[in-house]
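Asker: Here you go, one structure.
The values are calculated or read from the model by the stated rules, or taken from the named source; none is laboratory data. Note that the coordinates shown come from a computational prediction; the quantities given were computed from them, not determined experimentally. Please note: Cβ atoms are built from the backbone with ideal geometry, for glycine as well, and neighbour counts cover all protein chains shown. Quick note on the areas: whole protein, heavy atoms, side chains included, nothing else; ligands and nucleic acids left out. Shrake-Rupley method; radii C 1.70, N 1.55, O 1.52, S 1.80 Å.
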There are 2 protein chains.
Amino acid sequence: MIKIAVDAMGGDFAPDSIIKGSLKALSEEKDLYLYLYGDEPQIQKFLKKHISSELPESLQERLSIIHTPHYLDMGVKNIREEIRDNSQHSMFLALQAAKNKEVDGVVSAGPTQALILASYLIIGTIQPMKRIALAIIFPSLDGRTRILLDAGANIEIKAENLLLFAIAASIVAQELFNIETPIVKMLNIGSEPHKGRNLEMETFDLLEKTPHVLFKGNEEPQNILYSEADVLLSDGFTSNMIVKTYKGAFGILMKNVKNVLTENWFKKIISKLLFQKKLQNIKKKLDSKEIGGAMILGLNKIVVKAQGNSDYYSFYNAILKAKKLIEKDFLTKLSQKIKN
Amino acid sequence: MIKIAVDAMGGDFAPDSIIKGSLKALSEEKDLYLYLYGDEPQIQKFLKKHISSELPESLQERLSIIHTPHYLDMGVKNIREEIRDNSQHSMFLALQAAKNKEVDGVVSAGPTQALILASYLIIGTIQPMKRIALAIIFPSLDGRTRILLDAGANIEIKAENLLLFAIAASIVAQELFNIETPIVKMLNIGSEPHKGRNLEMETFDLLEKTPHVLFKGNEEPQNILYSEADVLLSDGFTSNMIVKTYKGAFGILMKNVKNVLTENWFKKIISKLLFQKKLQNIKKKLDSKEIGGAMILGLNKIVVKAQGNSDYYSFYNAILKAKKLIEKDFLTKLSQKIKN
């Protein structure tokens, strides 16, 4: 019996795609219990309108709706103040349920920075971790799953924190993606051992010493898409810059290629017939920057961040990720490795 | 009368393309005097073999060859030691000539990090600058010239240094690219004012206050290729990561697009007929990562770093850059703006 709180109001297509994704998860995972936090009238309305057949009883009894008077506006700037002054948001209450051990984990498609900070403030870290990291699945063209962290939870960080992030991400790769001994590499300006800032040099030394990860040295960012690494490590500032650079480079290059391929009606037809589908496949692979959800690691509970533009299927995938991490007892495994 | 020392032995195609580029510069710029530092027998041999017609006298008298017993091996790891123990390299002697005021500037296609460190140690900084920056011309698809700095001279840096870099690069953009009031933006994880690390926040405040640059705030790295900025500012670590990420993203995407376009003989023919030329144009534009030479800014002399794989034309361009900065009295203009 796995209990997960769902922020029904987070994301661009809430609550609709959240509810649909949740129902799909419930119908396939028989030991799953979901607690939808959000505006009950809206949720009930959607259920009545779109789920034409009555929900089977076995599913109904595993779905709870907890009415919350508010939900987080994208415009909210100060999350600390918001938690203090206005804690009745769907996201905050879902996190509070995890804190109170009413559920084992939380899934939200709400604003990333808000979820990171709120989960840190409400749930807190798993000892001895002091910091939490956003671990995303980096786009891939070779079908391999690579975790990139910290993808933006910390602007400035110490080597000890990065070491703990690497350990946590390695366990995720083991449990979630069935990689027996995940390879960890650190993003750096050169592949040789003593490259980078003090942060990279210190982290390098710690990673070389730890028995808890298989560290294979530095990785330069031009190799991210075909790295041997399963886990790519960097601070939140640098990772964010890298992810944005990738996004920009792909976007503009794809646009320019498209312009060349469709510059007149004749070329447009030829391109459509011969190339369009496969080029769209490339684009699709690179677009899904957080395939089925990123993880917030270092918390005392499982929290998965679904993409803001999640459709029902990708929200369903985010729920599955959270469920698997709970089933596999991720937090106990992490705790054992980092306690000393 | 402009005197420039040329490191004839640096780069992948030295001394051949260096000599050819130098001769082209001499034949077009009648007030230019070049001092080629390198292996005289090799240089003479090339001149005899490839320059079939006698060099016109007017050109000969503006070309000097200074024999240097050594030149820098790509494998040299410790430049400090090398300068101390073995100063007779073509690159070091060319820099020494600038230091001794025998020439006004230096152009070298030698290893970037070696040139940065050697010019810092041999020539020194222009007061009150304490640090130097590598300023590259970022690839562009819109034909606009954008300077990115620091592109890798400093791993860690302070806000005061970045401010001085911005001032220096603005003058370069004015003098070299005829941009009346160059726009400066800082690369950052968000476009709002108080984003980033302490470094970005402090630099932001300094840039807002200075009368010497037109600062238009933060720029996220996905926008580099079509930014309104003429000067993009960042620390050497981050810039290096961004440049490498771009390089990697373009490389792998171009490869994947090519695979789609040439997956069988029929598609190969169609692509070649209709698209190849224009796609190659895109690739070409993005490949030339330091179009005609990067500048090392903050030194007490003009030093231009030509690309390691410079052909004669791109080395010629690097010489022209150095010449123009000298003619326009870049160092005096910089000095006036930063002295207080």
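Asker: Among B:I269, B:I338, A:F215, pick out the residue whose Cα is farthest towards the positive end of the charge dipole of the protein assembly as shown, where Lys and Arg carry +1 and Asp and Glu carry -1 on C-beta, about the Cα centre.
Answerer: Among B:I269, B:I338, A:F215, the one farthest towards the positive end of the dipole of the protein assembly as shown is B:I269.
Asker: Quick one: work out Rg over Rh on the C-alpha atoms of the range B:140-288, Rh as Kirkwood radius.
Answerer: Here Rg/Rh amounts to 1.09.
Asker: Another question, if that's okay. Tell me the distances, shortest first, between A:N264 and the same position across the other copies, using label points 7 Å along Cα→Cβ, in nm to one decimal.
Answerer: Inter-copy label distances (nm, one decimal, shortest first): 2.7.
Asker: Sort the following peptides by mean Cβ neighbour count (other Cβ atoms within 10 Å, averaged over residues), highest first: B:2-15, A:242-255. Write out the running numbers ahead of the final one.
Answerer: Numbers: B:2-15: 24.7, A:242-255: 21.1.
Listed from highest to lowest mean packing, they are B:2-15, A:242-255.
Asker: Something else now. Hey, which of these cross-link pairs are over 29 Å Cα-Cα: A:K337/B:K247; A:K101/B:K195; A:K195/A:K247?
Answerer: Cα-Cα > 29 Å for A:K337/B:K247; A:K101/B:K195; rest within.
Asker: Something else about it: Average partner chain C-beta neighbours within 10 Å, per residue of A:274-282?
Answerer: Details: counts 8, 8, 1, 1, 7, 4, 0, 2, 6.
Mean partner-chain Cβ count within 10 Å for A:274-282: 4.
Asker: Still on this structure, please answer the following. What average count of beta carbons from other chains do you get within 10 Å of the Cβ of residues in B:144-155?
Answerer: 1
Asker: Distances in nm, one decimal, shortest first, from B:K284 to the same residue in every other copy, taking the label point 7 angstrom along Cα→Cβ.
Answerer: Between copies, matching label points for B:K284 lie 3.5 nm apart.
Asker: Right, next: To the nearest 20 debye, what is the magnitude of the charge dipole of the protein assembly as shown about its Cα centre, counting +1 on the Cβ of each Lys and Arg and -1 on the Cβ of each Asp and Glu? Write down the numbers at each step before the final one.
Answerer: Numbers: 90 positive and 78 negative charges, 323 e Å.
Result for the protein assembly as shown is approximately 1560 debye, rounded to the nearest 20.
Asker: What is the mean number of Cβ atoms from other protein chains located within 10 Å of the Cβ atom of each residue in peptide B:188-197, rounded to a whole number?
Answerer: Per residue, the number of nearby Cβ atoms from other chains is 3 on average.
Asker: Structure shown: which of B:K20/B:K48; B:K258/B:K283; A:K24/A:K283; A:K305/A:K339; A:K99/A:K321; B:K30/B:K285 lie over 22 Å apart, alpha-carbon to alpha-carbon?
Answerer: A:K24/A:K283; A:K305/A:K339; B:K30/B:K285
Asker: Another question, if that's okay. Count the DSSP beta bridges whose two residues both fall in the protein assembly as shown, then state the antiparallel fraction as a percent rounded to the nearest 5.
Answerer: 25 percent
Asker: Right, another one. Sorted by average packing, counted as other Cβ atoms within 10 angstrom per residue and highest first, what order do B:57-66, B:157-166 take?
Answerer: B:157-166, B:57-66
Asker: Could I ask something else about it? Under the rule of -39500 (n - 2.57) per DSSP H run of 4 or more residues, summed and divided by the residues of chain B, what mean residue ellipticity at 222 nm is obtained, to the nearest 500 deg cm²/dmol?
Answerer: Numbers: 13 runs with 160 residues, N = 340.
Helices in chain B give a 222 nm mean residue ellipticity of -14500 deg cm²/dmol.
Asker: Calculate the translational D of chain B in whole µm² s⁻¹ from Stokes-Einstein, where the hydrodynamic radius comes from the Kirkwood formula applied to all Cα pairs, the temperature is 10 °C and the viscosity 1.306 mPa s.
Answerer: The estimated diffusion coefficient comes to 76 µm²/s.
Asker: How large is the charge dipole for the range B:176-329, taken about the Cα centre, if only the Cβ atoms of Lys, Arg (+1) and Asp, Glu (-1) carry charge, to the nearest 20 debye?
Answerer: Here the size comes out at about 1120 debye.
Asker: Sticking with this one: When ligands, DNA and RNA are left out and all protein chains stay put, how many square angstrom of accessible area per residue does the range A:1-117 have with a 1.4 Å probe?
Answerer: In whole numbers, the range A:1-117 has 50 Å² accessible per residue.
Asker: Dividing the convex hull volume of the Cα atoms of the range B:1-117 by its residue count, what figure in Å³ per residue is obtained?
Answerer: 95 Å³
Asker: To continue, here is another question. Rg to Rh for the protein assembly as shown: what is it, with Cα atoms only and Rh by Kirkwood?
Answerer: My calculation puts Rg/Rh at 1.04.
Asker: Between chains A and B, what is the buried accessible area summed over both chains (1.4 Å probe, protein heavy atoms, nearest 100 Å²)?
Answerer: On the way: alone 16980 and 16970 Å², together 29570 Å².
Roughly 4400 Å² of accessible surface disappears when A and B pair.
Asker: Among the helices of chain A (complete DSSP H runs), which have Cα atoms covering no less than 27 Å along the helix axis and a Kyte-Doolittle mean of at least 0.0?
Answerer: Details: long enough: A:236-261 (37 Å, 0.37).
Result, helices passing both filters: A:236-261.
Asker: Further question on the same structure: At 1.4 Å probe size, with every protein chain present, just tell me what the per residue accessible area of the range B:140-288 comes to in Å².
Answerer: 42 Å²
Asker: Put a label point 7 Å from Cα along the Cβ direction on A:K216, then list its distances to the equivalent points in the other copies in nm, shortest first.
Answerer: 4.3
Asker: What is the distance in Å between the Cα centres of the range B:27-45 and the range B:177-248?
Answerer: 39 Å
Asker: Given the pairs A:K255/B:K328; A:K216/A:K324; A:K158/A:K284, which span a C-alpha to C-alpha distance of over 31 angstrom in this model?
Answerer: On the way: A:K255/B:K328 39 Å; A:K216/A:K324 27 Å; A:K158/A:K284 35 Å.
A:K255/B:K328; A:K158/A:K284, as the Cα separations exceed 31 Å there.
Asker: Can you tell me the dipole magnitude for the range B:2-104 around its Cα centre, using point charges on the Cβ only (Lys, Arg +1; Asp, Glu -1), in Debye to the nearest 20?
Answerer: Dipole magnitude for the range B:2-104 comes out near 40 debye.
Asker: Now, a different point. Pop out the carbon and sulfur fraction of the accessible area of the protein assembly as shown as a percent, whole number, probe 1.4 Å.
Answerer: Within the protein assembly as shown, the accessible surface is 49 percent carbon and sulfur.
Asker: Provide, in order from the shortest bin, the percent of all Cα-Cα pairs of the range B:213-340 in each 5 Å bin, continuing until the bin that contains the maximum pair distance.
Answerer: Answer for the range B:213-340: a P(r) of 2, 8, 12, 15, 16, 16, 12, 7, 5, 3, 2, 1, 0, 0 percent.
Asker: Still on this structure, I have one more. At 4 °C and 1.567 mPa s, grab the translational diffusion coefficient of the range A:106-203 from Stokes-Einstein with a Kirkwood Rh over Cα pairs, rounded to a whole number in µm² per second.
Answerer: The diffusion coefficient I find is 87 µm²/s.
Asker: Would you tally the net charge around A:F250, using a Cβ to Cβ cut-off of less than 9 Å, leaving A:F250 out, and scoring K and R as +1, D and E as -1?
Answerer: Combined, the nearby Lys, Arg, Asp and Glu give +1.
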